[in-house]
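The values are calculated or read from the model by the stated rules, or taken from the named source; none is laboratory data. Predicted model only: the values in this text are computed from it and were never measured. With ideal geometry, Cβ positions are generated from the backbone for all residues, glycine too; neighbour counts draw on all protein chains shown.
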Amino acid sequence: MRLLYRTELPDHDPISVFDWHERSGALERLTPPWAKLEVLDRSGGIRDGGRITLRVRGAPTSFTWKLRHGEYQHGRHFRDEQVSGPMKSWVHNHRFFPNGSGGTIAEDEIEVEPPFGSVGAALGSRFLKQELGRLFRFRYRRLLTDLSRHQDQSDQPRLTVAITGGSGLVGQALTHFLTTGGHRVIQLVRDKRRVSNDAVYWNPVTQDIDTDRLAMADAVVHLAGTSIAGGRWTDDRKRSIRESRVKGTELIAQTMAQLSGGPHTLISASAVGYYGRRGEELLEEDAAPGSGFLTEVCQAWEDAAKPAERAGVRVVLLRTGLALSPAGGALRQMLLPFNMGLGGRLGSGKQYMSWIDLDDLIGLIHHVLFSDTLSGPVNATAPSPVTNSTFSAALGRVLGRPTLVPVPSLAVKAVFGQLGTEALLSGQRVVPRKAIDSGFHFFYESIEESLQFQLGCE
């Protein structure tokens, strides 16, 4: 079976598009967030003889897929071919052509033979066509937006960026995005066995960090912290949530303050929980803090970055909303009940949800890295916050499922306790004024458009 997919990238020449595919992180950026695919090993890049081993997870088991690259022609073509795996045969040709006006036509030709002979062909062909069409629609859209964001900063130098929380949802996506743009990423890790040229040791508990190697970075993106949604807020868990944020930020900020000629920018995560429960009030960055545990945590979290600010480091406090991706976070947890037709509003459904598409969040961090005029709090949310009822209805429409099963407030409080009261039943109507005024472009301003893209339901 031969399948052919094409897209046009009018503002990007074949060499730049090809080079993007050749950099570390490209495969991860091209892998849809709903795909149960893990890169186990790779060697040789996409040049002839390069190899990659994938794990494909599915019910009820998983399997290994090994591919070999060949027919490398810089700027024009490369191929991956199955060595072993789920298909009887698989050959994928990646081609890049000039479109005659400075842009590129990207073409993907797949020759595939499903397993199990004629029976497999009869049963699998339709499924393969459907899933590959879905995959390439996602790939081409993400490729275009990523290339556009990198092009916006093409006249800027490539950066070395140190990242904490690099194994998390945002950290992983940011790492792959930056490396495909030609930047170097250094991970801050707590396991000394993982230390390498691109991994620096740190330990917020013992306040230990490799100062000399951190000094090699141009900027630090600090994302580490215990998840607030990992269970009921016992006293121990609340202590962990607070200390994981404050101690880590103190260590980073104090270290940067002592370095001469070290990182010049600190982007430190915070959250829209800073604003507390505010009803329908429209909240920009200059709004006063609210009250409650999350507000107290966010205030202490942000205050911990002040030593770096006082030392002349440009500090940006990224007050992040709900980052949408089925790969993790709240959306991933919602998918099972909503897919089963058991989704619905929480409580009254009137509480606002300040959300942001994960790709826009990554793009905003990239934008902030190069925007020297941005400092202090920056709301990392989409321009159009929605109520919980609106969000639930949009998710149901995208999935093609009813949303007729509301969860009463009493049930939320009974199951989740204070977590339910502050994080699920309370809301903030937050808008990203500073991001908009600085010229940042959101690709996903509509909640339905973001969900369609992230879930592959376009």
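Data for the structure
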read-out	value
Only listed residue being at pLDDT 95 or above, at positive phi and out of contact with any strand residue (DSSP E or B) (no Cβ under 9 Å at 6 or more places or on another chain), chosen from Gly417, Gly396, Gly400, Gly376	Gly400
Hits in region 226-249 (condition: aliphatic (A, V, I, L, M) and either in contact with a strand residue (DSSP E or B) (Cβ under 7 Å, 6 or more places away or on another chain) or surrounded by fewer than 16 Cβ atoms within 10 Å (Cβ to Cβ) (or both))	Ala229
Every residue from region 385-414 that is under 23 Å from Glu280 (Cβ atoms) and part of a loop (DSSP other than H, G, I, E, B)	Pro385, Thr403, Pro406, Pro408
Members of region 415-458 that are outside any helix (DSSP H, G or I), hydroxyl-bearing (Ser, Thr, Tyr) and either farther than 23 Å from Pro33 by Cβ or assigned by TED's automatic domain parsing to the domain that holds Tyr140 (or both)	Ser426, Ser438
Boolean, Ser268 is in contact with a strand residue (DSSP E or B) (Cβ under 6 Å, 6 or more places away or on another chain) and either of a type outside the set (A, V, I, L, M) or under 22 Å from Asp357 (Cα atoms) (or both)	yes
Residue pairs meeting the criteria (Cβ under 8 Å; at least 6 apart or on separate chains; first over 27 Å from Ala229 (Cα atoms) and not assigned by TED's automatic domain parsing to the domain that holds Met216, in region 169-192; second modelled with pLDDT of 95 or more and assigned to a helix (DSSP H, G or I))	none
Flag for Gly181 being at pLDDT 95 or above, under 30 Å from Arg6 (Cβ atoms) and either surrounded by fewer than 19 Cβ atoms within 10 Å (Cβ to Cβ) or in contact with a His (Cβ under 7 Å, 6 or more places away or on another chain) (or both)	yes
In region 77-112, the residues that are assigned to a strand (DSSP E or B), over 17 Å from Gly44 (Cβ atoms) and within 29 Å of the chain's Cα centre (by Cα)	Asn93, Arg95, Phe96, Thr104, Ile105, Ala106, Glu107, Asp108, Glu109, Ile110
Which listed residue, of Leu358, Leu404, is in the same structural domain as Glu296 (by TED's automatic domain parsing), under 30 Å from Asp218 (Cβ atoms) and either touching a Pro at 6+ places or on another chain (Cβ under 9 Å) or surrounded by fewer than 21 Cβ atoms within 10 Å (Cβ to Cβ) (or both)	Leu358
Enumeration of residues in region 361-384 that are surrounded by fewer than 24 Cβ atoms within 10 Å (Cβ to Cβ) and assigned to a loop (DSSP other than H, G, I, E, B)	Ser371, Asp372, Thr373, Leu374, Ser375, Pro383, Ser384
Per-region count, region 286-319, residues buried (at least 18 other Cβ atoms within 10 Å of the Cβ), within 24 Å of Tyr352 (Cα to Cα) and of a type outside the set (Gly, Ala, Ser)	10
Residue in region 26-50 that is surrounded by the most Cβ atoms within 10 Å (Cβ to Cβ), counting only those that are more than 22 Å from Gly181 (Cα to Cα) and either of a type in the set (Lys, Arg) or more than 22 Å from the chain's Cα centre (by Cα) (or both)	Asp48
Residue within region 323-338 that is under 24 Å from Leu30 (Cβ atoms) and in contact with a Ser or Thr (Cβ under 7 Å, 6 or more places away or on another chain) present	yes
Residue selected from region 308-349 under the condition in contact (Cβ under 8 Å) with a residue 60 or more places away in the chain and among the basic types (Lys, Arg), by the criterion nearest to Ala393 (Cα to Cα)	Arg345
Residues of region 1-43 that turn out to be of a type in the set (Phe, Trp, Tyr), touching a helix residue (DSSP H, G or I) at 6+ places or on another chain (Cβ under 8 Å) and over 24 Å from Val56 (Cβ atoms), as a count	1
